[in-house]
Amino acid sequence: MTNLRHFDNLGTARFVTFSCFRNYPYLSDSFARDILIRSLDHLRVKRGVRIIAWVLMPDHVHLVLLPSDDTRLGHVIGLLKSWTSQQIMRSPESRIPVLRRNDGSPAVWERRCFDHNCRNELVVRTKVEYCHSNPVRRGLVEHSSEWPWSSYNWYRGEGQILLEIDGM
């Protein structure tokens, strides 16, 4: 397996994507979305990772983050995935089927995440727009404002805000 390199501590925003195991639409379930949103807020408040933009799709997540200088982003995303998968799998409220890897271990997320260093403000803005237009491109809604599981409404100053973000 190829070891992907991550470049931490560059002082740049990071565009991060991670997917549900086997692209199963875990995030179509409100219970799983709520867990992920609470965990993102924890990441923001307790771990000092600034959230610039986000979108939860049925089978994957896109984030634009600005980690603090001493943060290894891969480690923090690993913690986030671990917290959320444990809560999703162990809660008696969950009606989500737990898929299993070939070794029999339960899985909610694919093992890897993909990240991109945003080297300037234009790239950050492009990634924020990418997050917000993702539900439209996938045909889930006609306009970004109709998708409540993103930071779009925070930027527009309207609608319900599910997760406070730090902006650009």
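The values are calculated or read from the model by the stated rules, or taken from the named source; none is laboratory data. Everything quoted here is computed from the prediction, not taken from an experiment. Because the Cβ atoms are built from the backbone with ideal geometry, glycine has one as well, and the counts that use them run over all protein chains shown. Each accessible area value is taken on the protein alone, full model and side chains, heavy atoms only, with ligands, DNA and RNA left out. Shrake-Rupley method; radii C 1.70, N 1.55, O 1.52, S 1.80 Å.
Short-range pairs are left out: with C-alpha atoms under 8 Å and at least six residues apart, the relative contact order of the chain is 31 percent.
With protein chains left intact and a 1.4 Å probe, residues in the chain average 55 Å² of accessible area per residue. Residues considered: HIS75, HIS60, HIS116. Largest GNM mean-square fluctuation over the chain, using C-alpha springs under 10 Å, is found at HIS75.
Sequentially through the range 127-140, phi angles give Karplus couplings (6.51, -1.76, 1.60; θ = phi - 60°) of 5, 4, 4, 4, 4, 5, 8, 4, x, 6, 4, 7, x, 7 Hz, Gly and Pro residues having no value and appearing as x.
For the range 52-125, run through the GluC sites (Glu not before Pro) and keep only the ones in DSSP coil with at most 12 other Cβ atoms within 10 Å of their Cβ. Within the range 52-125, the qualifying GluC sites (Glu not before Pro) (loop, at most 12 other Cβ atoms within 10 Å) are GLU93. All other residues whose Cβ lies under 12 angstrom from that of ALA13 are scored, Lys and Arg at +1 and Asp and Glu at -1, for a net of +2.
Using DSSP to call loops (not H, G, I, E or B), can you name the GluC sites (Glu not before Pro) in the range 137-168 whose Cβ has at most 15 other Cβ atoms within 10 angstrom? Hits after loop and neighbour filter: GLU142, GLU158, GLU164.
Rounded, prolate or oblate, given the Cα gyration tensor of the chain, with a/c below 1.5 counting as rounded? Oblate, since a/c reaches 1.5 and b/c is not below a/b. Rounded to the nearest 0.05, the FRET efficiency derived from the C-beta distance between ASN102 and ARG138 at R0 = 35 Å is 0.75. Between ASN117 and ILE37, the contour length at 0.36 nm per residue exceeds the alpha carbon distance by 26.5 nm.
Within the shell of other residues whose beta carbon sits under 14 angstrom from the beta carbon of VAL128, the net charge comes to +2, with Lys and Arg scored +1 and Asp and Glu -1.
The apolar share of the surface of the range 109-151, taken as the fraction of accessible area on carbon and sulfur atoms (1.4 Å probe, ligands and nucleic acids excluded), comes to 51 percent.
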